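Encoded as structure tokens, the structure appears first; notes follow it.
The values are calculated or read from the model by the stated rules, or taken from the named source; none is laboratory data. Note that this is a predicted model, so its numbers are computed, not measured. Because the Cβ atoms are built from the backbone with ideal geometry, glycine has one as well, and the counts that use them run over all protein chains shown.
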Amino acid sequence: MQRGFFGKNSRKSGGEVPKARSNSEIYVFSSLTIISIALLMFSNTNFTSNVKNTGLSFFFGVRGGIYEITSLISRTILSINELADLRKEHAQLIKQLERFEELERSNAEIYQENIRLRQQLDFAKTLRYRSIAAQVSGRDPFNLFSALVINKGSVSGISNNMAVVAWQDGVQALVGKVIQTGAFESLVMPIFDINSQVASRFSVSRFEGIVEGQGNSETQLLMRFVPKRARNDIHTGDIIISSGMGGVFPAGISIGRVSGVTALEYENTLEVGVIPIIDFSRLEYVFVIEAEIVNTETETDDD
């Protein structure tokens, strides 16, 4: 019985040792198999090439992505800089365009002024009087609605009580007379001044009267002391000229046109409304009349 017991024990112990040894062998065998397979795979050219290609593809993909991102950033920065440059160029072009427009306006104004000056020059050649050309430079600050300031004075030969005429719309007409003279500027009292009186007559019927100002360039003049018998000879639109009486204004200078006639019952004379020929709101250039020109050649021929 003991042998059987011992025999049984001996079988049990003999069976446990091979089992542990077989497990170790399995682990070693499996490891060697995996290593062999790995070595075989790495030794295979296609597998190595595939791994290499996969790595290169991943590397190039990452590099391409980085390049695209950096390119996008660079393009964005360049676009922003180009936009800023375009804005600067646009602003410069706007300024240049404004300068060109100013030059164009200036050229147009100079052209128009040259035309006006040529007209004034042609008019000056036709005057029967020695004249001094001047430009209206302002108005009397103490009499804004009346007196005119011209840019010529005693240095240019101007003195008080000299008549002032102008050429406007192809017509010569009376402006007023010099009432104050400085060295380089003079003050002119226009015919619409409340204190202005001009001895005048109708250019056709030759009836005489006195043209007086009403104190405002927008208000018509008034011709007084016209005989009532002249009523039927006066018509709207008739020209009224200076008569030369009094010695201040030369005879024959146009003053205005008849706008209407008023006959007062208690007066022996007529009152005639007169619209000035000169539009004082557009007056720029004037001529101060110095003296009547004596044509010696004509006198010689007559003798």
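Is at least one residue of region 275-285 among the basic types (Lys, Arg) and either more than 20 Å from Trp167 (Cβ to Cβ) or modelled with pLDDT of 90 or more (or both)?
Step one: of region 275-285, the residues among the basic types (Lys, Arg) are 282.
With either more than 20 Å from Trp167 (Cβ to Cβ) or modelled with pLDDT of 90 or more (or both) added as a condition, the list becomes none.
No, every residue in region 275-285 fails to be among the basic types (Lys, Arg) and either more than 20 Å from Trp167 (Cβ to Cβ) or modelled with pLDDT of 90 or more (or both).
May I ask you to verify whether Gly215 is in a loop (DSSP other than H, G, I, E, B), at positive phi and in contact with a Ser or Thr (Cβ under 8 Å, 6 or more places away or on another chain)? So that I can check it myself, show each step before the final result.
Working: in a loop (DSSP other than H, G, I, E, B): yes; at positive phi: yes; in contact with a Ser or Thr (Cβ under 8 Å, 6 or more places away or on another chain): yes.
So Gly215 fits the description; yes.
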Exactly one condition in (1) modelled with pLDDT of 70 or more; (2) touching a strand residue (DSSP E or B) at 6+ places or on another chain (Cβ under 7 Å); (3) basic (Lys, Arg) is not met by Arg99; state its number. (2)
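Look at Thr262 and say whether it is of a type in the set (Val, Ile, Thr), over 23 Å from Pro190 (Cα atoms) and part of a strand (DSSP E or B). I'd like the intermediate steps shown before the answer.
Details: of a type in the set (Val, Ile, Thr): yes; over 23 Å from Pro190 (Cα atoms): yes; part of a strand (DSSP E or B): yes.
Yes: the conditions hold for Thr262.
Filter region 235-268 for residues that are of a type in the set (Asp, Glu) and either in contact with a Leu (Cβ under 6 Å, 6 or more places away or on another chain) or surrounded by fewer than 12 Cβ atoms within 10 Å (Cβ to Cβ) (or both) and give the result.
Applying the first criterion (of a type in the set (Asp, Glu)) to region 235-268 yields 238, 265, 267.
Answer for region 235-268, where residues must be of a type in the set (Asp, Glu) and either in contact with a Leu (Cβ under 6 Å, 6 or more places away or on another chain) or surrounded by fewer than 12 Cβ atoms within 10 Å (Cβ to Cβ) (or both): just Glu265.
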